[in-house]
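Notes to accompany the following structure.
The values are calculated or read from the model by the stated rules, or taken from the named source; none is laboratory data. Owing to the predicted nature of the structure, the values given are computational and were not obtained by experimental measurement. Glycine gets a Cβ as well: all are built from the backbone with ideal geometry, and neighbour counts include every protein chain shown.
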Amino acid sequence: MTEASTNASSETVAGAPRGEAVSIRAVEPEGPLVDVMNGSARWEIPVLDHGFVALVDVMPRLIPEGKTADSAIVQAARVSYGEGTKKVNEDRGLVRYLLRHRHTTPFEMVEFKFHVAMPIFIARQWIRHRTANVNEYSARYSIVPDRFYRPSVDNIRRQSSTNRQGGDESIEVKTAEDFISLLEDSEKLYSRYLELTEKGVAREMARAALPVSLYTEWYWKCDLHNLFHFLSLRMDSHAQQEIRVYADAMYELIKPIIPVSAEAFEQYRLNGVFLTSLEVESLRSGKPLASDNKREQTEWEQKRARLGL
Ligand SMILES: Cc1cc2nc3c(=O)[nH]c(=O)nc-3n(C[C@H](O)[C@H](O)[C@H](O)COP(=O)(O)OP(=O)(O)OC[C@H]3O[C@@H](n4cnc5c(N)ncnc54)[C@H](O)[C@@H]3O)c2cc1C
């Protein structure tokens, strides 16, 4: 233990009259610490044609050598007992127990900060997740860069006949090409946007003429509990493919930092199957689902298939 401060006397404590210096005790770690990002400024994965997800910071950034950032979850959970001499496998069991039983607050002790570039129509879906802290590129303050999302021909999907919100298999090439040509037309608005801002139209107005395929950027910080919630919704097959690829990339970036929590997340959340009481009853009795709702029937069929029934 070292005395970090200053010219304060050792008796000076917080709560002393204003203006008096307060002493700060800097406590040395018990052993060497390592950076969870191995000293990197950022870990980046390209996404779509002009986008990316970069992990730019983590809390905890420094962890005891030989541990992972999962240890911050364990540390928080054990605050009432003290760390003691728990073994690594006991830590693993605790993290898995916490996740299984939705003891969520220890997972909020780990935070991730990302820098992301994505099309505006994806940002609109993303921003619905209210539990993150966001700071976005200002198109009032700056001219927006000339970057538009243009899918490849085979990635242009036909409107799903079963899911009004979704697209499933690809559409015929000619129609896909027509759609790309429509996107190209909308991108041509950019040169007029530039021209009119140069003539003095305020950037905050001029941007209204640009399409939602335009890329925006933000810093996005979220704790692990809420990030798992985000990922469970946006890595799911019901999420739009263009946001799913971002969620998948984010998961790849965090996995090596919290491997124990990630494994538990995959086993208990992401790849688990939630059963309603009607489904449990159907399974128990061997009778059909006691609901005449068509969508519920379909969902039960899908779950049965996943369960190998
Ligand atoms: C496949 C899919 C389709 C969707 N379709 C549509 C759509 O058609 N139209 C549409 O508008 N949205 C749509 N959404 C968005 C969806 O309804 C949610 O807004 C979004 O997924 C964010 O979820 P959330 O509120 O749970 O997350 P977050 O905002 O991250 O919140 C996490 C949790 O915190 C709690 N919380 C956060 N803020 C509050 C608060 N103010 N009050 C109380 N509790 C709070 C809630 O428990 C919440 O579940 C869709 C989402 C998905 C994944």
Which of the residues that make up segment 217-259 are among the hydroxyl-bearing types (Ser, Thr, Tyr), away from the ligand (no atom under 11 Å from the Cβ) and in a helix (DSSP H, G or I)? 246, 251
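Restricted to segment 3-25, and to residues that are at pLDDT below 65 and among the hydroxyl-bearing types (Ser, Thr, Tyr), which residue is surrounded by the most Cβ atoms within 10 Å (Cβ to Cβ)?
Among residues in segment 3-25 that are at pLDDT below 65 and among the hydroxyl-bearing types (Ser, Thr, Tyr), the one surrounded by the most Cβ atoms within 10 Å (Cβ to Cβ) is 12.
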Return the only residue of 122, 143, 127 being over 30 Å from residue 259 (Cα atoms), in the same structural domain as residue 72 (by TED's automatic domain parsing) and either in contact with a His (Cβ under 7 Å, 6 or more places away or on another chain) or not hydroxyl-bearing (Ser, Thr, Tyr) (or both). 143
Cβ pairs under 9 Å, 6+ apart or interchain, first in segment 232-243 and at negative phi and of a type in the set (Ser, Thr, Tyr), second in a helix (DSSP H, G or I) and more than 8 Å from the ligand (Cβ to nearest atom), ordered by first then second residue, are 232/265; 232/269; 232/270; 237/244
Within segment 264-309, count every residue that is part of a helix (DSSP H, G or I) and aliphatic (A, V, I, L, M). 6
